[in-house]
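The values are calculated or read from the model by the stated rules, or taken from the named source; none is laboratory data. This one's a predicted model, so the numbers in the text were calculated from it and none came from an experiment. Using ideal geometry, Cβ is built from the backbone for each residue, glycine included, and neighbour counts are taken over all protein chains shown. The protein model used for the area step is the full one, side chains on, heavy atoms only, and it has no ligands, DNA or RNA in it. Shrake-Rupley method; radii C 1.70, N 1.55, O 1.52, S 1.80 Å.
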Amino acid sequence: MISTEDSIHVTDETTRVARSLKILDEAIEKYQPVEVLGLFSGGHDSLTACHVAARHPRFSYATHINTGLGIPETREFVRDTAAHFGWNLRAYYAKDCGQDYEQMVAQYGFPGPGQHSTMYIRLKERPLRRAIKMAKEGHKRQAAVILISGVRFQESERRMGYKEPVTKD
C-alpha cells in the first residue's frame, strides 16, 4: 500500500524530473548540440543527473573522467551502473592526455590546497576537452556539446565557480 506521504514524494520527484527534462529541451533547442553527454563520476549527484538525462531522447552517452586518483571500485560501479541502465559509456583518462598523477607527485610532491585548480585542469579538464573533441568528431569546431553534471546549487562556494547552469525560473 502506498501512503499519502509516499504519493507526495513520487509526485514531487516526477515534477522535478519533468522540470529537468524541460530545461534540457530548452537548452537543446537553444544550442542545437551534436551530442548530449552525462558526466558520470560515480557519485550520487552525477548518477542522478545521468539517470534523468538518459530519459531524454537526445541523450548520447555517459562520460567518465578517470583522473588516476579514484579507487577501482568506483570505476567498476560506473561500468556496472551504465550497463545496468543500458547507457553507452565512454571513459577518458588523464594519463592518455599526458597527465600522470603518480608521476607528478614523484616529481613535485603532493599538491596542497593552492594547487587544486592546477590539478583540476591537468587531471579533469584535459580529458574532458578530449571527450568534447571526440563528441564533435565529423562536425564543425564550433558545434555545441551539452554536458550534464551533478553539480548542485547547494555545494560549496569553491565548487560553485566551476559551472554555469542553464535554469528556468
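So which pairs qualify, if the first residue must be in region 71-98 and modelled with pLDDT of 95 or more and surrounded by 14 or more Cβ atoms within 10 Å (Cβ to Cβ), the second must be charged (D, E, K, R) and not in a helix (DSSP H, G or I), the Cβ gap must be under 9 Å, and the two must be at least 6 apart or on different chains?
Ala94/Asp100
When residues of region 52-66 are filtered for being open to solvent by less than 40 Å² (accessible area, probe 1.4 Å) and either part of a loop (DSSP other than H, G, I, E, B) or of a type outside the set (A, V, I, L, M, F, W, C) (or both), how many remain?
8
Look at Gly109 and say whether it is open to solvent by less than 40 Å² (accessible area, probe 1.4 Å) and not hydroxyl-bearing (Ser, Thr, Tyr).
Numbers: open to solvent by less than 40 Å² (accessible area, probe 1.4 Å): yes; not hydroxyl-bearing (Ser, Thr, Tyr): yes.
The answer is yes for Gly109.
Residue check: is Ala82 touching a Cys at 6+ places or on another chain (Cβ under 9 Å) and either not in a helix (DSSP H, G or I) or not β-branched (Val, Ile, Thr) (or both)? Talk me through it step by step, then tell me what you get.
Numbers: touching a Cys at 6+ places or on another chain (Cβ under 9 Å): yes; either not in a helix (DSSP H, G or I) or not β-branched (Val, Ile, Thr) (or both): yes.
So Ala82 passes the test.
Restrict the check to region 2-16 and report whether at least one residue is surrounded by 15 or more Cβ atoms within 10 Å (Cβ to Cβ) and in a helix (DSSP H, G or I).
No, region 2-16 contains no residue that is surrounded by 15 or more Cβ atoms within 10 Å (Cβ to Cβ) and in a helix (DSSP H, G or I).
Being in a helix (DSSP H, G or I), over 29 Å from Ser20 (Cα atoms) and among the hydrophobic types (A, V, I, L, M, F, W, C) is the requirement here; does Met134 meet it?
For Met134, the condition - in a helix (DSSP H, G or I), over 29 Å from Ser20 (Cα atoms) and among the hydrophobic types (A, V, I, L, M, F, W, C) - is not met.
Residues of region 40-51 being surrounded by fewer than 20 Cβ atoms within 10 Å (Cβ to Cβ) and in contact (Cβ under 8 Å) with a residue 60 or more places away in the chain, which ones?
Gly43, His44, Asp45, Leu47, Thr48
Could you please give the count of residues in region 105-146 that are more than 18 Å from Leu39 (Cβ to Cβ) and of a type in the set (Phe, Trp, Tyr)?
Selection size over region 105-146: 2.
Scan region 23-34 and give yes if some residue there is at pLDDT 95 or above and either part of a strand (DSSP E or B) or of a type in the set (Lys, Arg) (or both), otherwise no.
Yes: region 23-34 contains one or more residues that are at pLDDT 95 or above and either part of a strand (DSSP E or B) or of a type in the set (Lys, Arg) (or both).
Mind telling me which of the residues Leu123, Leu147 ends up being open to solvent by 50 Å² or more (accessible area, probe 1.4 Å) and touching a residue at least 24 places away in the same chain (Cβ under 8 Å)?
The match here is Leu147.
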